[in-house]
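Below is one structure, written out as structure tokens, with a few remarks after it.
The values are calculated or read from the model by the stated rules, or taken from the named source; none is laboratory data. Remember, predicted model here, so these are calculated numbers, not experimental data. Here the Cβ is made from the backbone with ideal geometry for all residues, glycine too, and neighbour counts use every protein chain on show. Side chains included, ligands, DNA and RNA excluded: accessible areas come from the protein's heavy atoms. Shrake-Rupley method; radii C 1.70, N 1.55, O 1.52, S 1.80 Å.
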Amino acid sequence: MRRLLETVLLALFAMGAAQAQTWPAKPVRIVVAYPPGGGIDVLARQLAEKLTPMWGEPVVVENKPGANTILATDSVAKAAADGHTVLLTTDATFSINPHLYARLPFDPQHDFIPVTMLVLLQQLLVANPALPANTLPELIRLAREKPGAINYASYGSGSQPHLSGEMLKYKAGIDLTHVPYKGISLAVPAVMAGEVQLTFAGIATSMPQLKSGRIKPIAIGGMKRSPLLPEVPTFAELGYPEVETHAWFGLFLPAGSPREAVERIYRDTKKIVEEPEFRQKQLVDKGYEVVASSPQDFAAYIRTDSEHRARAVKISGAKAE
């Protein structure tokens, strides 16, 4: 009788363990809110490659760019809340868009579960080499001498470079002229060609041009200098901590998704991005700061970040295009 009872208990335990490991039950889609080829897409494909053997199911990447990340986000909001459709997007979706658009086809606060912020990246303020200013104080002095004569490029109204540029104008009391382009891939070449004098750009995308002298660095966001550009001061140390240039990449699930999926995605992606070789070669060397925050910490961060961006949007007067 005792042996029979032990057998039954073991069977029940095995059944419970099997039921607790029901996710994933089919292929998992990572929907990327940007086109193929960019940094966020590359990271998505690296994660998918490593997660597939860990989960025993194919993990596929689907690019769904458009409407300033709204197209991809809406599709995931309307997907089955079973943990098999994951959104990979940036701060634009949850920190900026709610303040740019009077109405969105989804509720950013209630239709999603933040899973983890994978990485944070700071942007540089870069200039054309011919600009007669090599430091932020020199740039501010020049802008005061020639109000409106210095142009800065962004990739659209409400984009991170636009908000950063307008906050710098506001805090420094200067007048710079905003010139929106259709993408960051056009903004940096415009600076190199002298069409505009300034823009904000990521370290990884700027490094070849910085090394060749086709653009020069002025300052970088964040509270500490980048190890890739230790000679470039931060806006904070120069007296302008309000000039936020950061962006982040994060994972989200539709509201109502199984807790098991949330925890498993968080735990396994954290393991990948914190693996020493991957962390150094694929992230740190490209200018990313590894975060791998918990779902709770990520949700709290988004609330604070959204408040900061709301102020920047108000100051910039940005409107959805």
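Please name all residue pairs, on different chains or six or more residues apart, with Cβ atoms under 9 Å, provided the first residue is in segment 52-78 and is closer than 16 Å to Ile272 by Cβ and the second residue is open to solvent by 60 Å² or more (accessible area, probe 1.4 Å) and assigned to a helix (DSSP H, G or I).
As it stands, the answer is Met54/Lys271; Val59/Glu49; Val59/Lys50; Val61/Arg45, since those pairs meet every condition given.
Within segment 184-198, is even one residue over 29 Å from Lys50 (Cβ atoms), modelled with pLDDT of 95 or more and of a type in the set (Val, Ile, Thr)?
Looking for residues that are over 29 Å from Lys50 (Cβ atoms), modelled with pLDDT of 95 or more and of a type in the set (Val, Ile, Thr), one finds at least one in segment 184-198, hence yes.
For Gly239, all conditions in the list (1) small (Gly, Ala, Ser); (2) over 16 Å from the mean Cα position of the chain (by Cα); (3) surrounded by 21 or more Cβ atoms within 10 Å (Cβ to Cβ) hold save one; what is the number of the exception?
(3)
Examine segment 49-65 for a residue that is surrounded by fewer than 21 Cβ atoms within 10 Å (Cβ to Cβ), modelled with pLDDT under 95 and within 22 Å of the chain's Cα centre (by Cα), and state whether such a residue exists.
Yes, segment 49-65 contains a residue that is surrounded by fewer than 21 Cβ atoms within 10 Å (Cβ to Cβ), modelled with pLDDT under 95 and within 22 Å of the chain's Cα centre (by Cα).
Can you say whether Val179 is at pLDDT 95 or above, assigned to a loop (DSSP other than H, G, I, E, B), of a type in the set (A, V, I, L, M, F, W, C) and over 30 Å from Ala300 (Cβ atoms), as far as the supplied structure shows? Write out each step before concluding.
On the way: at pLDDT 95 or above: yes; assigned to a loop (DSSP other than H, G, I, E, B): no; of a type in the set (A, V, I, L, M, F, W, C): yes; over 30 Å from Ala300 (Cβ atoms): yes.
No: the conditions fail for Val179.
Restricting attention to segment 262-312, and to residues there that are in contact (Cβ under 8 Å) with a residue 12 or more places away in the chain and in a loop (DSSP other than H, G, I, E, B), which single residue is most open to solvent (accessible area, probe 1.4 Å)?
In this case the residue turns out to be Glu274.
Go through segment 189-211 and count every residue that is open to solvent by 30 Å² or more (accessible area, probe 1.4 Å) and touching a helix residue (DSSP H, G or I) at 6+ places or on another chain (Cβ under 6 Å).
Residues meeting the conditions: 1.
Checking Lys281 against (1) more than 18 Å from the chain's Cα centre (by Cα); (2) over 21 Å from Lys50 (Cα atoms), which test does it fail?
Checking Lys281 against (1) more than 18 Å from the chain's Cα centre (by Cα); (2) over 21 Å from Lys50 (Cα atoms), the one that fails is (2).
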